[in-house]
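Peer 1: Pasting in a structure now, in structure tokens, and then I'll have a few things to ask.
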Protein chains: 2
Amino acid sequence: MTTTDERSDRLAIDDLRNAWVVLSTEERVLGFGLLSADQAEEFFLGLPGQDAAELLAALPAQDRRRWMRLLAPDDAADLIQAAPEEQRHPLLELLDDFTRREVSALLAYAEDRAGGLMNPRYARLRPEMSVDEAIAYLRRQAHEHLEMIYYAYALTPDHELVGVVSFRELFSAPPNAHVKDVMRTDVVTVDEQMDQEAVSRIFAEHDLIAIPVVDAHKRMKGIVTVDDIVDVVEQEATEDIQKIGGTQALDAPYLAVGLVEMVKKRLGWLAALFIGEMLTATAMAYFEDEIARAVVLALFVPLIISSGGNTGSQASTLVIRAMALGELRLRDWWRVIQREFVTGLVLGFALGFIGFLRVIVWQMVRPVYGEHYISIALTVFFSLIGVVTFGTLVGSLLPFILRRIKIDPATASAPFVATLVDVTGLVIYFTVAIIFLSGKLL
Amino acid sequence: MTTTDERSDRLAIDDLRNAWVVLSTEERVLGFGLLSADQAEEFFLGLPGQDAAELLAALPAQDRRRWMRLLAPDDAADLIQAAPEEQRHPLLELLDDFTRREVSALLAYAEDRAGGLMNPRYARLRPEMSVDEAIAYLRRQAHEHLEMIYYAYALTPDHELVGVVSFRELFSAPPNAHVKDVMRTDVVTVDEQMDQEAVSRIFAEHDLIAIPVVDAHKRMKGIVTVDDIVDVVEQEATEDIQKIGGTQALDAPYLAVGLVEMVKKRLGWLAALFIGEMLTATAMAYFEDEIARAVVLALFVPLIISSGGNTGSQASTLVIRAMALGELRLRDWWRVIQREFVTGLVLGFALGFIGFLRVIVWQMVRPVYGEHYISIALTVFFSLIGVVTFGTLVGSLLPFILRRIKIDPATASAPFVATLVDVTGLVIYFTVAIIFLSGKLL
């Protein structure tokens with residue numbers, strides 16, 4: 001049973017973890033120093049690469065070797081990648097020769113590729129071993145700090161991957177059967193250069209705990225384990241959400257981003273959108289005479305254009321997420337446009353109807369819209385159909401266009417779509433107004 | 001090595017998987033029937049609960065038992081939960097007695113709790129066993145279709161969890177040591193009623209492959225494995241993104257949602273926002289006299305209010321995501337407000353400056369704004385500072401308020417924030433205009 005002491009251990013670690021992001025470097029070192037040796041190890045192993053690198057840099061030089069050698073090769077590579085350029089070589093030097101070679105090989109991969117995620121230590125077997133030999137052999141390998149031995153991989157002498165067997169299968173097989181009789185040969189693999197988002201899609205489709213990474217010659221290089229994929233999925237979703245909100249990806253926890261950095265990440269897009277949105281002032285100026293003659297037209301401008309922006313944001317976020325989940329591909333664009341066109345018409349009709357009622361009911365309560373209130377109501381009705389349908393089409397098409405020209409579809413942020421739709425929305429609105437009101441108010 | 005035949009097998013499965021969402025039920029049964037027995041098993045095991053339930057319902061009755069019995073208890077429970085009410089009991093009856101009891105127990109948990117995610121079959125040991133005995137004992141258990149034997153759990157006779165040992169640790173321990181000597185006693189556990197989002201946070205913090213689920217008396221009930229957490233993380237992110245985009249969560253792939261359903265999920269929020277946005281027409285009507293006297297004021301309305309909406313959307317999506325990742329808690333609200341206030345002022349100043357320049361430069365090129373163009377430029381400048389700062393504050397505060405009153409913070413969608421800010425933005429703008437322009441244009 002968990003004793004009271006162990007519970008307070010847990011608490012100490014969790015408290016430090018929760019406070020971590022708001023602590024100064026000195027406070028972090030102090031808090032870390034208060035942990036028992038066991039706690040400190042657990043805590044250190046759970047730190048993200050960036051935080052671990054910063055902590056390590058702040059610890060006394062003579063302690064660093066011990067902490068570096070605690071790490072599995074993929075975690076050591078993450079830490080070194082997160083450290084400033086000039087600290088990387090000294091950190092690498094702290095590792096033992098064997099691990100240093102492994103870590104150097106990992107550092108050659110881009111961080112967001114399968115090769116950059118993988119662990120080079122995995123359980124390996126020969127296909128011609130008996131099950132009993134295989135279990136004994138795995139037991140010897142377990143001493144070498146294999147991170148993950150849920151699956152064992154059968155390799156030829158030149159490291160070609162020929163099969164996989166789970167521990168469960170190996171354990172439940174007759175002891176004198178051979179590995180090649182119990183292994184599966186249709187192994188799901190990923191290429192060492194595969195993008196991490198694609199790797200996470202493969203994990204989601206196959207429900208595996210680990211997937212082997214192979215090179216172009218089908219030689220096995222390592223394994224990616226699903227616990228690293230949880231981080232990838234979370235990180236990719238965070239990037240998408242931040243982009244959808246119209247910010248550059250922060251790449252760090254909210255509170256850990258300094259104010260100057262935060263303003264930089266946010267101002268770029270805002271300024272670009274602001275400059276785009278200036279076109280609304282130009283469009284409005286184009287219809288200045290109409291507004292002067294019928295000020296009532298100006299009253300509905302925010303209502304009309306925001307409806308286009310809202311439906312556009314809806315459509316683009318739905319399409320962006322469906323693309324990220326692999327539910328929609330480029331070739332689906334025409335299906336999507338057809339659906340969204342119908343959806344947009346229905347939504348526009350519904351909102352238009354509410355808008356129409358609003359004008360009629362207001363007029364009955366307090367006659368502010370004058371004798372032509374029916375024409376005004378019709379203007380609102382038809383422009384909403386036009387603006388909402390247009391917004392839906394732009395919002396759903398834009399992510400496809402961006403992907404086609406190799407830009408992240410998530411760039412089709414809610415504010416971006418809203419800005420695009422605002423200008424056109426004004427033109428649609430005033431055009432409809434001229435149709436319904438010329439000879440009356442205009 | 002993967003032979004050509006096995007490669008085409010892979011392709012057949014992947015093709016079917018990719019096409020799945022757009023196939024009719026008949027086509028699905030047909031495609032599934034074309035797979036070899038091995039392929040069909042792999043494919044069936046990879047299907048989400050909902051799809052598996054639909055496929056099963058469409059297969060001949062005599063085949064169903066075989067497919068149900070292929071599933072691990074947690075997957076069987078998922079499938080049954082996804083099936084229509086009236087099919088659940090018959091499906092449960094297809095299982096063997098032992099599994100049926102396990103699955104019935106799992107069905108008692110809500111789907112989004114730790115208990116609803118867990119697998120009741122895990123590797124168990126007694127603390128007083130020797131390492132050699134433990135390995136032999138695990139080997140016997142492996143026959144019982146344990147889904148996951150990377151960790152083995154040491155239990156007392158009344159199922160209290162006292163320690164955990166990984167296979168690697170067990171394998172590399174001296175054969176005559178005892179389990180209690182090599183096991184870790186400060187086990188990370190989750191309560192059976194813990195929400196799945198909280199469970200996924202614990203996985204992210206601890207980098208574990210599996211976490212034991214315990215009841216209030218610390219008795220072990222099962223394990224949650226990290227591969228199920230990948231689905232949880234993805235699903236929660238999808239819900240958040242869809243809510244941020246101003247839609248109800250779709251709960252299904254984009255193309256699998258029928259048009260009527262799609263309109264329903266989208267229209268609710270849109271209509272609510274539209275009705276809220278009607279306040280802009282009311283606010284504009286309040287300033288109708290000012291607009292009539294200075295039509296030039298109307299020209300900048302879309303520009304000003306959209307800037308508030310954009311900065312508000314930015315702030316709310318950043319805060320929503322940081323909350324979902326556990327980076328921000330309720331008690332951090334004051335820190336966030338302070339940061340966002342400063343950020344909003346800086347962003348407002350920057351955009352205001354661009355807006356100020358826009359008016360001055362336009363006036364120099366084509367004098368459209370009349371003699372009081374400097375006052376107009378100052379109106380634009382100061383209202384942008386006000387609107388942007390206000391938008392940032394509302395956007396960042398709203399998720400905290402929603403969480404405080406136990407509503408999902410992601411409900412603070414980009415369109416919702418934009419709508420809130422639009423009305424106030426108008427009031428700020430016209431108030432600033434009256435200050436700078438009364439006696440001149442007004």
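The values are calculated or read from the model by the stated rules, or taken from the named source; none is laboratory data. These figures come from a predicted structure and were not determined experimentally. Neighbour counts run over all protein chains shown; Cβ positions are idealised from the backbone, glycine included. The area values use the complete protein model at the heavy-atom level, side chains included, leaving out ligands, DNA and RNA. Shrake-Rupley method; radii C 1.70, N 1.55, O 1.52, S 1.80 Å.
Peer 1: For residue A:30 and residue A:70, what is the calculated FRET efficiency with R₀ set at 30 Å and r taken between the beta-carbons, to the nearest 0.05?
Peer 2: Efficiency, from the Cβ-Cβ distance: 0.90.
Peer 1: Under a point-charge model restricted to the Cβ atoms of Lys and Arg (+1) and Asp and Glu (-1), what is the dipole moment magnitude of the stretch A:326-442 relative to its Cα centre, in debye to the nearest 20?
Peer 2: Dipole about the Cα centre, nearest 20: 240 debye.
Peer 1: If we hang a label 7 Å off Cα along the beta carbon direction at residue A:27, how far is it from the matching labels on the other copies, in nm, shortest first?
Peer 2: Taking the point 7 Å beyond Cα along Cα→Cβ, the inter-copy spacings are 5.8 nm.
Peer 1: At 0.36 nm per residue, and after removing the present C-alpha to C-alpha distance, how many nm does the segment from residue B:431 to residue B:288 gain when stretched out fully?
Peer 2: 50.2 nm
Peer 1: Scan around residue A:163 for amide H atoms under 5 Å from its own, H built in the peptide plane at 1.01 Å from N, and keep only partners 5 or more places away or cross-chain.
Peer 2: HN-HN under 5 Å from residue A:163: A:154.
Peer 1: Could you work out how far helix A:196-206 tilts from the main Cα principal axis of chain A, as a 0 to 90 degree angle to the nearest 10?
Peer 2: The answer is roughly 80 degrees.
Peer 1: Still on this structure, please answer the following. Using r as the Cβ-Cβ distance of residue A:136 and residue B:184, and R0 as 22 Å, what FRET efficiency do you calculate, to the nearest 0.05?
Peer 2: Efficiency, rounded to the nearest 0.05: 0.30.
Peer 1: Just grab the label-to-label distance for residue B:404 and residue A:45, each label 7 Å out from Cα along the Cβ direction, in nm (one decimal).
Peer 2: Modelled inter-label distance: 4.1 nm.
Peer 1: Would you grab the residues whose amide H sits under 5 Å from the one on residue A:124? Only those 5+ places off in sequence or on another chain, please, with H modelled 1.01 Å from N.
Peer 2: Residues meeting the criterion, in which the H sits 1.01 Å from N, are A:153.
Peer 1: Averaged across A:330-343, how many Cβ atoms of other chains sit within 10 Å of each residue's Cβ atom?
Peer 2: Neighbouring Cβ atoms belonging to other protein chains average 2 per residue here.
Peer 1: Using the Karplus curve 6.51 cos²θ - 1.76 cosθ + 1.60 with θ = phi - 60°, what ³J(HN,Hα) values do you get for each residue of the stretch A:294-302, in whole Hz, with x for Gly and Pro?
Peer 2: 9, 4, 3, 4, 4, 4, 9, 4, x
Peer 1: Label-point separation (nm) for residue A:193 and residue B:107, each offset 7 Å from Cα along Cα-to-Cβ?
Peer 2: Output for this residue pair reads 5.1 nm.
Peer 1: Could you check the spin-label model distance between residue A:341 and residue B:85? Points 7 Å from the Cα along Cα→Cβ, value in nm.
Peer 2: For the pair residue A:341/residue B:85, the computed spacing is 4.0 nm.
Peer 1: For the stretch A:289-442, what value does the Rg/Rh ratio take when both radii are computed over Cα atoms and Rh is the Kirkwood radius, given to two decimals?
Peer 2: Across the stretch A:289-442, the Cα-based Rg/Rh ratio is 1.07.
Peer 1: Residue B:129's amide H: which non-local residues (gap 5+, or another chain) put their own amide H closer than 5 Å, with H modeled 1.01 Å from N in plane and none for Pro or chain starts?
Peer 2: Sorted by chain and number, the residues that satisfy this are B:179, B:180.
Peer 1: Going 7 Å from the Cα of residue A:160 along its beta-carbon direction, which residues of the stretch A:205-231 have the amide nitrogen within less than 11 Å of the resulting point?
Peer 2: A:217-219
Peer 1: Which of A:320, A:374, A:305 moves the most in a Gaussian network model of chain A with Cα springs under 10 Å?
Peer 2: Fluctuation is largest for A:374.
Peer 1: Can you run phi through the Karplus equation (6.51, -1.76, 1.60; θ = phi - 60°) for the stretch A:409-420 and list ³J(HN,Hα) in whole Hz, with x for Gly and Pro?
Peer 2: For the stretch A:409-420, the Karplus curve yields x, 5, 5, 6, 5, 3, x, 5, 4, 4, 5, 4 Hz.
Peer 1: If you consider only alpha-carbon coordinates, what radius of gyration and Dmax does the stretch B:208-268 have, in Å?
Peer 2: 16.9, 48
Peer 1: While we're here: Can you give me the Rg/Rh ratio for the stretch A:94-247, using Cα atoms for both radii and the Kirkwood formula for Rh?
Peer 2: 1.02
Peer 1: Now for a different question. Using a 1.4 angstrom probe and counting only protein chains, how large is the accessible area of residue A:197 in Å², to 10?
Peer 2: For residue A:197, solvent-accessible area is about 60 Å².
Peer 1: Ok, one more. Which of B:98, B:353, B:400 ends up with the largest GNM mean-square fluctuation for chain B, with Cα atoms connected below 10 Å?
Peer 2: Looking only at B:98, B:353, B:400, the largest GNM fluctuation is found for B:98.
Peer 1: Per residue, what volume in Å³ does the Cα convex hull of the stretch A:329-379 take up?
Peer 2: 73
Peer 1: Could I ask something else about it? How big is the accessible area of residue A:306 in square angstrom, nearest 10, if you roll a 1.4 angstrom probe over the protein chains?
Peer 2: 20
Peer 1: Sticking with this structure for a sec: Hey, got the average number of other protein chain Cβ atoms within 10 angstrom for residues in A:246-255?
Peer 2: So the per-residue partner count for this stretch is 4.
Peer 1: Right, another one. Relative to the Cα centre, what is the charge dipole magnitude of the protein assembly as shown, using +1 at the beta carbon of each Lys and Arg, -1 at the beta carbon of each Asp and Glu, and rounding to the nearest 20 debye?
Peer 2: With only Lys, Arg, Asp and Glu charged at Cβ, the dipole is about 2660 debye.
Peer 1: In the stretch B:240-292, if the dipole is taken from +1 on Lys/Arg beta carbons and -1 on Asp/Glu beta carbons about the Cα centre, which of B:273, B:253, B:263 is farthest to the positive end?
Peer 2: So the residue we want is B:253.
Peer 1: Could you give the angle, 0 to 90 degrees to the nearest 10, between helix B:61-70's Cα long axis and the longest principal axis of the Cα atoms of chain B?
Peer 2: 90
Peer 1: Using only the Cα atoms of the stretch B:87-164, each taken as one equal point scatterer with no solvent, compute I(q) by the Debye sum, divide by I(0), and report log10 of the ratio at q = 0.24 Å⁻¹.
Peer 2: -1.18
Peer 1: Determine how many Å³ per residue the convex hull of the Cα atoms of the protein assembly as shown encloses.
Peer 2: With only Cα atoms used, the protein assembly as shown gives 181 Å³ per residue.
Peer 1: Next question. Relative to the present Cα-Cα distance, how much length would full extension add between residue A:215 and residue A:275 at 0.36 nm per residue of separation?
Peer 2: Here the answer is 16.9 nm.
Peer 1: Would you mind estimating how fast chain A diffuses translationally, via Stokes-Einstein at 4 °C and 1.567 mPa s with the Kirkwood radius over Cα pairs, in µm²/s?
Peer 2: D = 49 µm²/s.
Peer 1: Hey, in the GNM for chain B with a 10 angstrom Cα cutoff, which one of B:129, B:118, B:68 fluctuates hardest?
Peer 2: B:129
Peer 1: Angle check, please: helix A:49-58 long axis (alpha carbons) against the longest principal axis of chain A (alpha carbons), in degrees 0 to 90, nearest 10.
Peer 2: Compared with the principal axis, the helix lies near 60 degrees.
Peer 1: Taking residue B:96 in one copy and the same position in all the others, each labelled 7 Å out along Cα→Cβ, what are the pairwise distances from the first, in nm, shortest first?
Peer 2: 4.5
Peer 1: Moving on. So for the protein assembly as shown, taking the charge dipole from beta-carbon charges (+1 Lys/Arg, -1 Asp/Glu), which of B:389, B:434, A:344 sits furthest toward the positive end?
Peer 2: Looking along the dipole axis, the top candidate is B:434.
Peer 1: Positive end of the dipole of the protein assembly as shown, charges at C-beta (+1 Lys, Arg; -1 Asp, Glu), about the Cα centre: which of A:292, A:409, A:114 has its Cα farthest in that direction?
Peer 2: A:292
Peer 1: Any idea what the residue A:367 label distances to the other copies are, label 7 Å down the Cα→Cβ vector, nm, shortest first?
Peer 2: 4.4
Peer 1: OK, next. Can you compute the charge dipole magnitude of chain A about its Cα centre, using +1 on each Lys and Arg Cβ and -1 on each Asp and Glu Cβ, nothing else charged? Give it in debye, rounded to the nearest 20.
Peer 2: About 1740 debye.
Peer 1: Continuing with the same structure: How many partner chain Cβ atoms sit within 10 Å of a residue's Cβ in peptide A:283-293, on average, as a whole number?
Peer 2: That average works out to 4.
Peer 1: A follow-up question, please. Using θ = phi - 60° and the Karplus relation 6.51 cos²θ - 1.76 cosθ + 1.60, list the HN-Hα couplings for the stretch B:74-91 in order, rounded to whole Hz, with x at every Gly or Pro.
Peer 2: Coupling constants for the stretch B:74-91: 5, 5, 4, 5, 4, 4, 5, 4, 7, 7, x, 2, 6, 8, 5, 4, x, 5 Hz.
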